[in-house]
Amino acid sequence: MQLLPAEEAILAGESGETRQQMMEILVALGKVFSAERLVPIKSAQVSGASYKTIGEAGLEWLSLLDARVSVPTVLNPVGMDRVLWREMGISPGFAKKQEAVISAYARLGVKLECTCTPYYIYQTRFGDHLAWSESSAVAYANSVIGARTNREGGPSALAAAIIGKTPEYGLHRVAERKPQVVVTVEGAADWDETALYGAVGYHAGKSIGDRIPLLRGLRPKRDQLKALGAAMAASGAVALFHVEGITPEARIFGYDLSGLEAITVEPGEIMSLMQEGPVDAVALGCPHCSSEELRKIAGLLEGSKVTVPLYVFAARKVIEATPDAVAAIERSGGRVYADTCMVVSPALEKYGVIMVNSGKAFAYVPNMCGASVRIGTTEACIEAAAGRPSV
Ligand code: F3S
């Protein structure tokens with residue numbers, strides 16, 4: 001890999017040990033993936049933020065770093081709402097460790113938004129090079145915005161954030177962003193329920209793996225694209241997807257699909273994922289809710305009182321920008337939390353069965369919370385939370 005003189009100097013340790021270590025990570029990655037150079041990035045998003053997932057070893061590593069990020073860098077959700085952690089049932093011991101992780105990132109200059117939807121807060125543009133690590137944010141940035149990022153690990157995203165560059169390989173190259181498999185979803189042209197897109201993503205991701213799919217037969221809106229990509233990233237390892245006639249690169253490039261494997265998804269396969277049954281808690285906001293999703297939840301709850309614990313997760317700035325909907329959800333007995341989510345917080349580990357409207361949460365909750373999981377439409381989730389039979 002060809003380095004500029006300034007990059008060579010960092011690698012030689014001339015700007016400190018931490019920057020040297022970070023450059024070593026980037027150079028090692030670049031060599032493995034045959035990158036020819038480093039490319040400047042516009043922003044970074046760093047996972048490995050919850051004490052639940054990184055533990056003592058991660059905290060120790062972060063505490064040893066001594067440098068500042070060179071580009072706007074956002075943190076992934078952490079293990080608790082930083083204000084309402086007691087109400088969530090988080091122990092003081094966990095909270096202390098979590099705050100130590102957050103302080104370590106703050107010392108590096110990382111913004112403490114703690115969200116997997118940084119695109120609701122910071123402008124990201126078509127063609128921007130990024131180093132993002134949370135899988136749903138990566139899928140959204142690449143696919144819906146047309147920005148370019150590989151699916152970074154926490155350390156490589158942080159290394160890129162500190163250096164301000166990332167090795168130019170994989171999805172940073174236009175030639176490597178073409179569809180590799182075609183997925184046709186039958187009977188879905190008029191779907192308007194986000195959970196159905198999450199269920200399609202969960203189902204299709206298993207067959208797609210880490211390939212780039214082009215999906216046909218769907219007309220998803222922005223929040224539905226978010227749900228679709230998050231689920232394909234979770235059940236498979238999709239970092240970029242195209243939707244015919246919808247996503248920017250599919251519209252611009254009009255790809256030649258001849259010779260690609262074709263997969264068909266039947267509506268019955270999606271509906272069969274949606275099982276009925278009793279639940280102990282309902283969790284919405286994976287990925288974090290948009291303002292529109294908060295308003296929808298508030299509308300569905302109107303006139304109801306929650307009888308099963310209802311958790312709703314969103315970025316703090318989105319919560320602050322949507323005060324009426326948040327107040328309405330809380331008047332009905334639901335709780336809206338920032339900074340965290342049902343998967344990376346230990347708060348939901350006490351429940352036996354959790355109901356979600358997200359294909360990604362459907363994939364992750366069993367392993368990460370040790371709970372059984374049900375997926376249903378947002379309407380069915382609210383019916384379950386309000387103790388009414390789902391329809
Ligand atoms: Fe975001 Fe947590 Fe889901 S990080 S994508 S809400 S698992």
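The values are calculated or read from the model by the stated rules, or taken from the named source; none is laboratory data. Predicted, not measured: the structure shown is a model, and the values here were computed from it. A quick note on method: Cβ atoms are made from the backbone with ideal geometry, for glycine too, and the neighbour counts reach across all protein chains shown. These accessible areas exclude ligands, DNA and RNA; they are computed on the full protein's heavy atoms, side chains included. Shrake-Rupley method; radii C 1.70, N 1.55, O 1.52, S 1.80 Å.
A few notes on this one:
- Within the span defined as the range 129-151, every residue fails to be at pLDDT below 95 and in contact with a Gly (Cβ under 6 Å, 6 or more places away or on another chain).
- Identity of the residue in the range 338-359, in a helix (DSSP H, G or I) and open to solvent by 20 Å² or more (accessible area, probe 1.4 Å), that ends up farthest from the ligand (Cβ to nearest atom): Lys350
- Arg374 vs. criteria part of a strand (DSSP E or B) and more than 16 Å from the ligand (Cβ to nearest atom): yes
- Of the criteria (1) assigned to a helix (DSSP H, G or I); (2) surrounded by fewer than 24 Cβ atoms within 10 Å (Cβ to Cβ); (3) not aromatic (Phe, Trp, Tyr), which one Gln98 fails: (2)
- For the range 137-153, the tally of residues that are out of contact with any strand residue (DSSP E or B) (no Cβ under 7 Å at 6 or more places or on another chain) and either within 17 Å of Thr115 (Cβ to Cβ) or open to solvent by 10 Å² or more (accessible area, probe 1.4 Å) (or both) stands at 7.
- Every pair of residues 6+ apart whose Cβ atoms lie under 6 Å, when the first sits in the range 1-19 and is without any contact (Cβ under 8 Å) to a residue 60 or more places away in the chain while the second is open to solvent by less than 70 Å² (accessible area, probe 1.4 Å) and of a type outside the set (Lys, Arg): Leu11/Met23; Gly13/Gln20
- Unmet requirement for Tyr105, which otherwise passes all of (1) part of a loop (DSSP other than H, G, I, E, B); (2) under 22 Å from Val138 (Cα atoms): (1)
- Residue within the range 318-337 that is within 11 Å of the ligand (Cβ to nearest atom), open to solvent by less than 10 Å² (accessible area, probe 1.4 Å), assigned to a loop (DSSP other than H, G, I, E, B) and outside the structural domain of Ala199 (by TED's automatic domain parsing) present: no
- Of the residues making up the range 1-31, those that are assigned to a loop (DSSP other than H, G, I, E, B) and of a type in the set (A, V, I, L, M, F, W, C) number 4.
- Residues in the range 32-66 that are in a loop (DSSP other than H, G, I, E, B) and not acidic (Asp, Glu): Phe33, Ser34, Ala35, Arg37, Ile41, Lys42, Ser47, Gly48, Ala49, Ser50, Leu65.
- Number of residues in the range 202-234 that are more than 13 Å from the chain's Cα centre (by Cα) and assigned to a helix (DSSP H, G or I) equals 9.
- Filter result (in contact (Cβ under 8 Å) with a residue 40 or more places away in the chain and in contact with a helix residue (DSSP H, G or I) (Cβ under 8 Å, 6 or more places away or on another chain)) within the range 342-355: Met342, Val343, Val344, Ser345, Pro346, Leu348, Tyr351, Ile354, Met355
- Annotation: of all residues in the range 25-67 being of a type in the set (Val, Ile, Thr) and open to solvent by 20 Å² or more (accessible area, probe 1.4 Å), the one that is farthest from Glu8 (Cα to Cα) is Thr53.
- From Ala139, Ala161, Ala106, Ala147, residue being within 16 Å of the ligand (Cβ to nearest atom) and not assigned by TED's automatic domain parsing to the domain that holds Ala347: Ala139
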